[in-house]
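As structure tokens, the structure follows; a few thoughts come after it.
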Amino acid sequence: MTDESQPDPVVAEGPKPDAVVAEEAQPDAMAAEGPKPDAVVADEAQPDAMAADEAQPEAVVAEEPKPARASGKKGLVVALVLVSTLALALGALSAYLWTVHSQYVAQNEALRAEAGDLGADVAESRAKAEELQTQVDETLAQLDEAKETINGLANSEAQAGDDRQALIDVADGLQECADLRQDMIDHLNEAYKWTASSLRAREADITTYCKKVTRAYKEIVDD
Amino acid sequence: MTSRRIGAATLAVLIGSTALAGCSALPQGPDPLPSTFIPRVSASASADAGLVGGFAALERDALRVRVRTCDAYATGSAFAIDATHAVTNAHVAEGATDITVTGYDGKSYRVTSSVLSREADLALLTIKDEFPNLVTLAEYEPTVDDVLSIAGYPRGEALKVTSGPYVGETEDTVGEADDPVYQIDAETHPGNSGSAVVNDEGDVVGVVYASDDVHATFAVSLPTLKNFLDNLDDAKRNRAECESQG
């Protein structure tokens, strides 16, 4: 029993068991070799010595069982600590994940609400933009018409100004023509003061001028 | 006994390491939401932002010139460079006994005096009132294929805008200027003389003075215009001497 209980600590401690086993294996080997009673006796006569030799391991064997039990307890404690730590870690992790999950859920709800509001705003803005674009198009069309009107009126006024200036000039020319003819009449009333050739030349000049003015007047009227 | 401790310690280290590694992969809480999801955007300037009463700056700057000489009438175009001065062609204003300028809106301005360039087909008109719309001269000459615009009063009629690509510089085959002139692939007519040639930034780069009445328009160049305006003391007064019929 003592020998059988030794292997664990002996194995753990080193080579001694091998020696013991070698000695224990010897009987089988001896038995196989045949009768050597004396030798056997002699060998068996040594038990005391053997016992004396085996007494040393016994001291070790007697002390070892206690550490083995303490080690088991420690292992159990360590295992419990580890399990507890793991359980706490998992609990903390779960709590953290739950918190994060809750934050995402809350933010998702906020985003959905915001997206809904923005969508409504966009829809309203688009509708207003389309309405305003229509108004802008109408206004631009009216503006184009107004521009054409202004342009046309400015042009008409400019043309009228040109015509008015021309008519004023023609009127001045006609007045000049009338004055020249009156002057000619005065000359003719005092024909004795002038030579016939000078009077004819003067009359020709006045006639040419008056025809030019008259032609200009007709051109204006015809336009 | 020692190996168990080592094993336990190893296990503890492994668990701790795993826990730490796991923590790094744990999902973080969401970032706080911004105060608003609507970014601030500034309204972009509309292409029609320069319109006043439906008229672009180019059109508002265009002036119609009516000239009366001793024996004829003529029309041309001009543009104001400051409150009391407008630029047109010398051949439009030369010999005038009376010059009247009208804006795009029909408002008239009486020209009190004018001077003519001795070197180019340019004239500067002076008025008593003030022009409301002024042009700015470009800093750089146009480059080939730049699209240039011209606003004026072809044949003395309604205001019209035309545009076309800048062809390049050429010799003055119409007048007697020494400086090269610009050729523009745009349709202009008599009456456009004195119109401003404007680049895509709305700045004046030249002054129309001739055309083939189809698609080739010729303009006094920007350097020549600037030289004229910088040396007005060298310009000659524009006087008409009409013979009396009497």
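Where a number appears in this text, it was derived from the coordinates with a stated rule and is not lab data. Treat the numbers as computed from the prediction; the structure is a model and nothing was measured. Heads up, the Cβs are rebuilt from the backbone with ideal geometry, glycines too, and the neighbour counts pull from every protein chain shown.
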- Quick one: among B:ASP203, B:ASP213, B:ASP121, which has the greatest mean-square fluctuation in a GNM of chain B with alpha-carbon springs under 10 angstrom? B:ASP213
- Item | Contact order relative to length of region B:71-167, as percent, for alpha carbon pairs under 8 angstrom and 6 or more apart | 27
- Shielding score for B:26-38, defined as the mean number of other chain Cβ atoms within 10 Å: 4
- Message: Under the 0.36 nm per residue contour assumption, what length would be gained going from the current alpha-carbon distance of B:PHE37 and B:ASN227 to full extension?
- Response: 62.7 nm
- Item | MRE, 222 nm, helices only [DSSP H, n ≥ 4, -39500 (n - 2.57), over chain B, to nearest 500] | -5000 deg cm²/dmol
- Query: What is the gain in length, in nm to one decimal, between A:HIS101 and A:ASP172 on full extension, counting 0.36 nm per residue of separation less the C-alpha to C-alpha distance?
  - Reply: 15.6 nm
- Query: Taking N as the number of residues in region A:176-221, what is its Cα Rg relative to 2.2 N^0.38 Å?
  - Reply: 1.31
- How big is the C-alpha Rg of region A:70-137 next to the rule-of-thumb value 2.2 N^0.38 Å, as a ratio? 2.62
- Note on the structure: Log10 I(q)/I(0) at q = 0.11, 0.12, 0.14, 0.15 Å⁻¹ for region B:147-230, from Debye over equal alpha-carbon scatterers, is -0.24, -0.29, -0.40, -0.46
- Other chains near A:156-162: what is the mean number of their Cβ atoms within 10 Å of each residue's Cβ? 5
- Item | Burial order of peptide ranges B:183-189, B:223-229 (average beta-carbon count within 10 Å, highest first) | B:183-189, B:223-229
- Item | Long-range HN-HN contacts of B:GLY191 with modeled amide H, under 5 Å | B:ARG155
- Here the equivalent ellipsoid of region B:57-134, derived from its Cα gyration tensor, has semi-axes (largest first, whole Å) of 19, 14, 11
- Around B:THR97, which amide H atoms from residues at least 5 apart in sequence, or from another chain, sit under 5 Å from its own amide H, with H modelled in the peptide plane? B:ARG68, B:THR69, B:CYS70
- Note on the structure: Residue by residue through region A:122-135, the couplings from Karplus 6.51 cos²θ - 1.76 cosθ + 1.60 with θ = phi - 60°, in Hz, x for Gly and Pro, are 4, 4, 5, 5, 4, 4, 5, 4, 5, 5, 5, 4, 4, 5
- Task: Could you run the Karplus curve 6.51 cos²θ - 1.76 cosθ + 1.60 with θ = phi - 60° over region A:165-182 and give me ³J(HN,Hα) per residue in whole Hz, x for Gly and Pro?
- Result: 4, 5, 5, 4, 5, 5, 4, 4, x, 5, 4, 4, 4, 4, 4, 5, 5, 4
- Work out, in µm²/s and without decimals, the Stokes-Einstein translational diffusion coefficient of chain B at 37 °C, 0.692 mPa s, Rh from Kirkwood over C-alpha pairs. 153
- Query: Debye sum, Cα scatterers, region A:94-214, no solvent: what log₁₀ I/I(0) at q = 0.11, 0.20, 0.23 1/Å?
  - Reply: -0.73, -1.07, -1.17
- Message: So, R0 is 25 Å and r is the distance between the beta-carbons of A:THR149 and A:GLU124; what FRET efficiency does that work out to, to 0.05?
- Response: 0.10
